[in-house]
Amino acid sequence: MTRTQLILAAAGGSLALLAGAFLFQSLGYLPCKMCLWQRWPHAAAIAIGVLALTLPHKVWAYFGALAAATTAAIGVYHTGVEKDWWEGPTSCTGGGLGGLSGDSLLSLDAPGIIMCDEVAWAFAGLSMASWNAVFSLGLMVIWLIAARRA
């Protein structure tokens with residue numbers, strides 16, 4: 001594959017993962033705080049892909065690899081929180097109330113709290129956070145190959 005094709009594949013992969021996240025959200029799988037954290041590096045990778053194609057320099061591919069590695073790391077961290085390997089943010093795990101009082105929680109108008117330590121959907125034993133980590137590691141490798149072809 002050419003450098004351009006690799007960049008298109010890597011940035012396109014982030015676009016596909018981001019689109020998939022929004023598709024799941026439209027199907028009623030609301031994202032938790034950590035799920036939202038995982039989206040930002042994908043958005044950055046898409047923007048980096050545009051920059052890499054318009055301002056050719058291998059540094060952009062390294063930035064793309066960093067964005068993919070970042071979302072993969074967040075996905076691994078989120079997976080660990082889901083599997084109770086370590087603690088997650090108190091605002092969205094365990095007894096976290098997101099700063100809401102008891103009265104607010106009992107109100108019918110209270111915002112829904114999506115817990116980061118509960119798996120909303122899984123396939124083949126892996127949650128969405130886990131799949132994000134797996135695919136993002138693959139995208140990181142593609143970005144690194146693109147950087148070597150520059």
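Remarks
- This structure gives semi-axes √(5λ) of the Cα gyration tensor in Å, computed directly, and of (1) 67, 11, 9; (2) 42, 14, 13; (3) 34, 15, 13 that value is listed as (3).
- Counting Lys and Arg as +1 and Asp and Glu as -1 over every other residue whose Cβ lies under 12 Å from the Cβ of Ala146, the net charge comes to +4.
- Ordering of 130-138, 65-73 by packing is 65-73, 130-138, highest average first (other Cβ atoms within 10 Å, averaged per residue).
- With 5 Å bins beginning at zero, the pair-distance distribution over Cα atoms of region 1-44 amounts to 6, 22, 24, 21, 12, 8, 5, 2 %.
Every read-out reported here was derived from the displayed coordinates using simple, explicitly stated rules and does not represent laboratory data. Just so it is clear, the model here is predicted, and its values are computed rather than measured. All Cβ positions, even for glycine, are placed from backbone atoms using ideal geometry, and neighbour counts span all protein chains on display.
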